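To keep things clear, I will list the structure first and then write my remarks on it.
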Amino acid sequence: MNILFSPWPWYIAGPVIGLTVPLLLLLGNKTLGISSTLRQVCAICAPGSIPLFNYNWKKDSWNLFFVFGVFIGGIIGGILLANPDPIGISETTITYFNSFGINDLSGLMPKELFNWPSLLTIRGFLMMVVGGFLVGFGTRYARGCTSGHGILGLSALQWPSLVATACFFIGGILFSHFILPYILSL
Amino acid sequence: MKNIKYLIVGVVFGIALTKGEAISWYRIQEMFRFESFHMFGIFMTAIPVGAIGLLLIRELKIKTIEGEDIIKPEKKYHHGIIIGSLIFGFGWALTGACPGPLYAQIGAGSSVTIVTLISAVAGTWTYGRFQKYLPD
């Protein structure tokens, strides 16, 4: 039974993720791309007279079903089949986290950082509210995210997606090394 | 109910993201700090598998289950790709999540990620509102 609860190694998770690209095309000419759902929510809730949100979002409603599935996948993978052990990240990273007082490595998210009361702290506000805003703003500006550019775009050998993915990583690496440590110390 | 099949693919995708720990803030930090191969391994296997799938579809002229020709996915370049991607990279480092993992994190029990998701919608809306003033 243990095998159900153990985390998947990269060589299992990666190929399953990659398979969704041809599968969505085979099922109905759909292209993987999750940041589009954020645009759809805007189009449904508050399109105003903004050109970006005045489009036939109903044609893309399959994507809302897809992300509802991703949410259910999170319940299955993160609760029903949750790994009972602390996450198996590298010792170097654990030491780094400990230096900021992050000691609870159970689950997939650091509960010491991501919890409701910490929304009212500067650190929590920056990490969740500002962080989320940057994710939504940046992915729409780039017209794609890790799934649309990083997985689908690169699978389709689209060079603009290579530029995008390189910049995702440049942004993330610079931020993690030079700015995040200051935020974690707050 | 023709959309149920996409929900099922989403469930599989979500389980793979979650059990592969790609939705974990810990794993994302570890990746950006180059302290493990795990996340790079996921990308380096997902992309070739997707690429081989697309190649087979094209070479064998496979059609959709409803008999339509399969489109060739294309991504056009605009300078916003560079600016937007860097901004997203900052957000990815902060939240440990790209848009897909946001949904999976909520499912996996991080209820406060709902706030992050709402904030991401607000970010997308703000981009749309000010798009005309921003360099493309």
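Roughly speaking, to the nearest percent, how much of chain A's 1.4 Å accessible area is carbon and sulfur? Before the final figure, lay out each step's value.
Working: 5790 of 8080 Å².
Result for chain A: 72 percent of the exposed heavy-atom area is carbon or sulfur.
I'd like the Karplus ³J(HN,Hα) series for segment A:151-166: coefficients 6.51, -1.76, 1.60, θ = phi - 60°, whole numbers in Hz, and an x wherever there's a Gly or Pro.
Going residue by residue, I get 9, 5, x, 5, 4, 8, 6, 8, 5, x, 5, 5, 4, 4, 5, 4 Hz, with x marking Gly and Pro.
Apply 1/(1 + (r/R0)^6) to the Cβ-Cβ distance of A:Leu186 and A:Asn103, taking R0 = 25 Å, and write down the FRET efficiency to the nearest 0.05. Please report the intermediate quantities before stating the final value.
Numbers: r = 17 Å, r/R0 = 0.69.
Result of the calculation: an efficiency of 0.90.
Between A:Phe178 and B:Phe37, with labels modelled 7 Å along Cα→Cβ, what's the label distance in nm to one decimal, could you check?
If labels sit at A:Phe178 and B:Phe37, their model points lie 3.0 nm apart.
R0 = 41 Å: FRET efficiency of A:Leu119 with A:Leu157, Cβ-based, nearest 0.05?
Values: r = 42 Å, r/R0 = 1.01.
The value I calculate is 0.50.
Report, in cubic angstrom per residue, the convex hull volume of the C-alpha atoms of segment A:106-186. Don't skip to the answer; put the middle values down first.
Details: hull volume 8.8 nm³, N = 81.
Taking the convex hull of the Cα positions in segment A:106-186, it is 108 Å³ per residue.
Compute the relative contact order of chain A as a whole-number percentage, counting only Cα pairs closer than 8 Å that sit 6 or more residues apart in sequence. If you can, show how the numbers build up before the last one.
On the way: 117 pairs, mean separation 46.3, N = 186.
Relative CO of chain A lands at 25 percent.
Where only protein heavy atoms count, and the probe is 1.4 Å, what is the accessible area per residue for segment A:1-85 in Å²?
On the way: 3960 Å² over 85 residues.
Heavy-atom SASA per residue in segment A:1-85 reads 47 Å².
How many angstrom lie between the Cα centre of segment A:1-79 and the Cα centre of segment A:144-186?
Going from one Cα centre to the other spans 19 Å.
What whole-number volume per residue, in cubic angstrom, does the convex hull of the C-alpha atoms of the protein assembly as shown give? Provide the component values of the computation, followed by the final result.
Values: hull volume 41.3 nm³, N = 322.
Normalising the Cα hull of the protein assembly as shown by residue number yields 128 Å³.
Angle between the Cα long axis of helix A:10-28 and the longest principal axis of chain A, 0 to 90 degrees, nearest 10?
20
Give the average, rounded to an integer, of partner chain Cβ atoms located within 10 angstrom of each Cβ in A:174-181. Don't skip to the end; give the middle numbers.
On the way: counts 5, 8, 12, 4, 0, 3, 6, 0.
Mean shielding by partner chains, rounded to a whole number: 5.
Taking chain B on its own, what percent of its Cα-Cα pair distances exceed 17 Å? Mind dumping the intermediate values first?
On the way: 6603 of 9180 pairs.
In whole percent, the share of Cα-Cα pairs in chain B beyond 17 Å is 72.
Which far-off residues, 5 or more places away or on another chain, put their amide H under 5 Å from the one on A:Trp8, with H placed in the peptide plane?
Here the answer is B:Gly20, B:Glu21, since their amide H atoms fall under 5 Å of that of A:Trp8.
Counting only protein heavy atoms and a 1.4 Å probe, tell me what percentage of chain B's accessible area is made up of carbon and sulfur. Walk me through the numbers before you get to the answer.
Details: 3850 of 5620 Å².
For chain B, the apolar C and S fraction of the accessible surface comes to 68 percent.
Just to confirm, what accessible area per residue do you get for segment A:106-186 at 1.4 Å probe, in whole Å²? Display every interim value, and only then the final one.
On the way: 3150 Å² over 81 residues.
For segment A:106-186, the per-residue accessible area is 39 Å².
What accessible area per residue, rounded to a whole number of Å², is obtained for segment B:49-136 using a probe radius of 1.4 Å? The partial results should precede the final answer.
Numbers: 4130 Å² over 88 residues.
Accessible area per residue: 47 Å².
Shape verdict for segment A:1-85, please, from the Cα gyration tensor: rounded (a/c under 1.5), prolate (a/b greater than b/c) or oblate.
prolate
To the nearest 100 Å², how much accessible surface do chains A and B hide from each other in total, with a 1.4 Å probe?
Numbers: alone 13180 and 10980 Å², together 13700 Å².
Roughly 10500 Å² of accessible surface disappears when A and B pair.
Across chain B, how many lysine pairs, 8 or more positions apart or on different chains, have C-alpha atoms separated by under 19 Å? Please give the number.
On the way: B:Lys2/B:Lys63; B:Lys5/B:Lys63; B:Lys61/B:Lys72; B:Lys63/B:Lys72; B:Lys76/B:Lys132.
Eligible lysine pairs with Cα atoms under 19 Å apart amount to 5.
For B:Met44 and B:Glu74, calculate 0.36 nm times their separation in residues minus their Cα-Cα distance, and state this gained length in nm to one decimal. All intermediate terms of the calculation are to be shown ahead of the outcome.
On the way: separation 30, 0.36 × 30 = 10.80 nm, distance 2.05 nm.
In short, 8.8 nm is gained.
Could you give each residue of segment A:130-139 its phi-based ³J(HN,Hα) in whole Hz, using Karplus coefficients 6.51, -1.76, 1.60 with θ = phi - 60°, and x for Gly or Pro?
5, x, x, 4, 5, 4, x, 5, x, 5
The values are calculated or read from the model by the stated rules, or taken from the named source; none is laboratory data. This one's a predicted model, so the numbers in the text were calculated from it and none came from an experiment. Ideal geometry is used to build each Cβ from the backbone, glycine not excepted, and the neighbour counts take in all protein chains shown. For the accessible areas, the whole protein counts, side chains as well, though only heavy atoms, and no ligand, DNA or RNA atoms are used. Shrake-Rupley method; radii C 1.70, N 1.55, O 1.52, S 1.80 Å.
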